[in-house]
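Since the structure comes first, as structure tokens, the remarks are kept for the end.
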Amino acid sequence: MAPLDWLLDSDPSIRWQVLRDLADAPSDVVAAERARVAHEGWGARLLGLQEPDGQWGGGTYHPYWTSTTFTLLLLRELGLDPACEAARRAADLVQENLTLDDNGQPFFDGETEPCINGMVLAAGAYFGHPSTTIVERLLGEQLEDGGWNCEAPTSQRSSFHSTICVLEGLLEYERARRRETEAAADQANHTTDPATGAPARANEAGTERIRAARARAHEYLFERRMFRTLSTGAVIDPDWTLFSFPTWWHYDVLRGLDYLRSAGVRPDERIAEVIDLVRDRRGDDGRWPLQNPHPGEVHFAMDEGEGRPSRWITLRALRVLRWAGHAG
């Protein structure tokens, strides 16, 4: 079976992304397939595991990987339509009932560590609860080298793990604010700012500052070739060259590249090495294997196991190569 047909012979959460990112299907076809995520397959199963108080797995951040934070991130990866009734109901339950730590503030307003706040921001912004509180905190915590680290201020050297989590969160927040601005523009003929009489616009909450912060972090990744030290050029962690799904809070080069693709960043010559690495990881059958599953309990398997061809990794690798100019 050809790789594209193999990908389409799968769960709706994979099929709709294949149709959008690899098959250039019409938008109505993509939307119809995406709508199935809430009612069929893995997306419906995850939604069905939510507890009456809004939690998954009996906790907000623990246990790994079945708690609320990681389940929301997984639903985002599956592409559950945040506008559908099931998604709104699930996110509202979390917002109304849960806190992430002992400070009593709502779950989607986060806590103290940048990596956790990046993940919570990504989930909250995607599911209709973008937190300016988290954004302001993260913008103030960006380190001199352009990234973030959960161990700051003890360490002033950024962490790839923390940085990719924050980048994904800031990008999702930007998208949420853009949707609000577009919605306001649609109503501009009917709603005006009472102070100025001008058409109302959603508050972009410093999106220019966010773009500037993300650009600095992109340079942090580029300068290090996505996986090498700046000082010696040595590979920082060989595990980053092995591909996982779900990635949870872990960095690997495929996750980094897929973020850059999603953010619309222009491919840079400094990532040529890792693009070649992605291409070279492909098997003779045109598929990519799951190489580095992260230990811990999961709700259920969505791949055939370590060393076996993975639809998730194959989807992500093919769209990264397409973005980089190496059509699958």
- Quick one: how many residues across region 45-56 are in contact with a Phe, Trp or Tyr (Cβ under 9 Å, 6 or more places away or on another chain) and either of a type outside the set (S, T, N, Q) or in a strand (DSSP E or B) (or both)? 5
- Note on the structure: Here the residues within region 1-31 that are under 22 Å from the mean Cα position of the chain (by Cα) and either assigned to a loop (DSSP other than H, G, I, E, B) or over 24 Å from residue 300 (Cα atoms) (or both) are 10, 11, 19, 20, 21, 22, 23, 24, 27, 30, 31
- Could you please tell me which pairs satisfy a Cβ distance under 8 Å, a separation of 6+ or placement on different chains, a first residue in region 260-278 that is farther than 11 Å from residue 171 by Cβ and without any contact (Cβ under 8 Å) to a residue 40 or more places away in the chain, and a second residue that is surrounded by 17 or more Cβ atoms within 10 Å (Cβ to Cβ) and not charged (D, E, K, R)? 277/241; 277/253
- Which residue, of 42, 65, is buried (at least 18 other Cβ atoms within 10 Å of the Cβ), in a loop (DSSP other than H, G, I, E, B), on the phi < 0 side of the Ramachandran plot and not charged (D, E, K, R)? 65
- Item | Every pair of residues 6+ apart whose Cβ atoms lie under 8 Å, when the first sits in region 299-328 and is free of Cβ contacts under 8 Å to residues at least 12 places away in the same chain while the second is part of a helix (DSSP H, G or I) and buried (at least 17 other Cβ atoms within 10 Å of the Cβ) | 327/321
- Item | Residue satisfying condition, being closer than 21 Å to residue 262 by Cβ and either touching a helix residue (DSSP H, G or I) at 6+ places or on another chain (Cβ under 6 Å) or among the aromatic types (Phe, Trp, Tyr) (or both), within set 80, 47, 74 | 80
- Message: Take residue 272 and tell me if it is assigned to a helix (DSSP H, G or I), hydrophobic (A, V, I, L, M, F, W, C) and farther than 24 Å from residue 15 by Cβ.
- Response: yes
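Every number here is computed from the coordinates shown, using simple stated rules; none is lab data. Fair warning: this is a prediction, and the values are worked out from it, not measured in the lab. Note that each Cβ is placed from the backbone with ideal geometry, even for glycine, and that neighbours are counted across all protein chains shown.
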